[in-house]
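*Asks:* Pasting a structure below so you can have a look.
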Amino acid sequence: MSFAKTDNWPVTVISGAPEPEILAQIQSVVDAAEDADGNPPFSEQTLVDLKSAQAGPRNLLTLLSHAPEDASPSAGEDVAGVAVVVLDGPEGVLEIVVHPHYRNEGVAALLVDKLVEVRGLHGIKAWSHGDHEAAADLAASYGYRAIRELWRMRLVRQAPSSEELAEHHDLGKELPDGVRLRTFVPDQDEQAWLAANAAAFAHHPEQGSMTLADLQARMAEPWFDPAGFFLAVNSAGDILGSHWTKVHPARAGQEAMGEVYVVGVTPAAQGLGLGRILTRMGMAHLQQCGLRAIMLYVDADNEAAVALYHKLGFTKWDSDVMYGPMSA
C-alpha cells in the first residue's frame, strides 16, 4: 500500500511528560477520533502515563505531527496526529491516533518514520484499537504482523426483569462458606487490592503490573465510584477476588455504557465460582444504574473467559490487535 507524502508536515518530538498545553492538544485529537470511530484510540494506561508527573525521557516518548497551514481544513486544528511510545527498559508499546480531518494523508507513516529516526523500532510493539484496515497495512509496511487480539464484547438489554433482580439478591447465597461480598473502601483497601490483583493477573502483561500510582490515577477520574467496586473477602478479611465496574458517559451519538472493567480471582480462590458471582454482581449493579449496554475486554485466546461471557449474553463487538515484528 502506498501512503501520501507529508514531507512538509513538521513533527515535534517530546521526551517525558508533555506540558499541559500539549496534553490538551493530544486529548482533542483523541476525543475527535473516538467520536468518529466509536472506539478509544489510546489505551487507558497510555493516557494515565501521559498525565503522570513521574513520566520521564526513559519511559515516555511522544511525537506530534503538525499540518502545514495550507493543509488545515479547520482553523485551530494544528495537530494532525499523535504517536506515543510507553517504554519499559528496552521494550515499548506504540499507539497512534490521526485526527479524522487528516486521514489518508500519510500522517501515521510520517510519525513512524520519525520514530525510526529518533529511536528505532527495536523492542517496540504496537496496538491498533479497533483493528482498522489502514493500521494493518501500515504495520505490514514496517514488517509487523498481528501477535495478539483483544476482543471487545458487549451485552445490550432493557432494564433488568424482576427475575433478574431476585437472582441478584440471591447471589450472596451462592458464596462459599466464610466468604462475603463488600465494596471497596478508599484509603483502606488500596494495598491489599493491589496485592490480590497482582496475584490474579501474574501472567497478564498490563493488568498484573498496576501500581499504586496507576490505581490512584484512576480513583481520581470522574468515573470512579467505589459503590461499583466489589470485593470478595474471607473471614480474615483477605481479598480473594474483585470486580471493578466502570461507567462510560454518553458521547457523539453513543449512549452511556457500563464496563466489566476488571474481574480477578486470586490463585488460592480459583475453582470456588467467585469469578462468575462477582461478574454477575457487577453487571446487576450497572443495569440498576440504568445502563442498557455493558462491554468488556478479553483476550481472544482466553477460551474459559470467552465461554463465560458468551454464557452471560455477551457477543463479540470489536477487537484490538497488537502488532510485532514478523521475525519475533
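*Asks:* At 7 Å along Cα-to-Cβ for each site, give me the label-to-label distance between Glu303 and Asn8 in nm.
*Replies:* 5.7 nm
*Asks:* To continue, here is another question. Among the GluC sites (Glu not before Pro) within the range 6-96, which fall in a DSSP loop and have no more than 15 other Cβ atoms within 10 Å of their own Cβ?
*Replies:* Here no loop site has a sparse enough neighbourhood.
*Asks:* Moving on to the next point. Mean Kyte-Doolittle of at least -1.0 plus a Cα span of 24 Å or more along the axis: flag which DSSP H helices in the chain meet both, please.
*Replies:* 20-37
*Asks:* Would you give the gap between the C-alpha center of the range 250-323 and the C-alpha center of the range 78-103, rounded to a whole Å?
*Replies:* If we compute the Cα centre of each part, the gap is 27 Å.
*Asks:* Using a 7 Å offset from the Cα along the Cα-to-Cβ direction at both Glu117 and Arg292, what is the distance between the two label points in nm, to one decimal?
*Replies:* 4.9 nm
*Asks:* Would you mind giving the average projected area, over all directions, of the Cα convex hull of the range 158-291 in nm² with one decimal?
*Replies:* 8.9 nm²
*Asks:* Simple spin-label model, 7 Å along Cα-to-Cβ: Ala268 to Ala220 in nm?
*Replies:* Distance between label points: 3.2 nm.
*Asks:* Just the number, please: Stokes-Einstein D of the chain in µm²/s, Kirkwood Rh from C-alpha pairs, 25 °C, 0.890 mPa s.
*Replies:* The estimated diffusion coefficient comes to 115 µm²/s.
*Asks:* Right, here's the next one. Using Cα centres only, tell me the gap between the range 18-42 and the range 206-224 in whole Å.
*Replies:* 19 Å
*Asks:* R0 = 56 Å: FRET efficiency of Leu194 with Ser141, Cβ-based, nearest 0.05?
*Replies:* On the way: r = 40 Å, r/R0 = 0.72.
Once rounded, the FRET efficiency stands at 0.90.
*Asks:* So which GluC sites (Glu not before Pro) in the range 251-328 end up in coil per DSSP with only 13 or fewer other C-beta atoms within 10 Å? Before the final figure, lay out the partial values.
*Replies:* Working: sites: Glu255, Glu259, Glu303; in loops: Glu255.
Those that pass, being in a loop and sparsely packed, are Glu255.
*Asks:* Beyond 28 Å between alpha-carbons counts as too far, so tell me which of Lys114/Lys316; Lys246/Lys316; Lys125/Lys311; Lys125/Lys316 fall in that bin.
*Replies:* Pairs exceeding the cut-off: Lys114/Lys316; Lys125/Lys311.
*Asks:* Summing +1 for each Lys or Arg and -1 for each Asp or Glu, what net charge is found among the other residues whose Cβ lies under 9 Å from the Cβ of Val86?
*Replies:* Result for the local shell: -3.
*Asks:* Please get the size of the charge dipole for the chain, origin at its Cα centre, with Cβ charges of +1 on Lys and Arg and -1 on Asp and Glu, quoted in debye to the nearest 20.
*Replies:* Taking the Cα centre of the chain as origin, the dipole is about 740 debye.
No lab work stands behind these numbers, since they all come straight from the coordinates. Bear in mind that the values here come from a model prediction, so they are computed numbers and not experimental data. With ideal geometry, Cβ positions are generated from the backbone for all residues, glycine too; neighbour counts draw on all protein chains shown.
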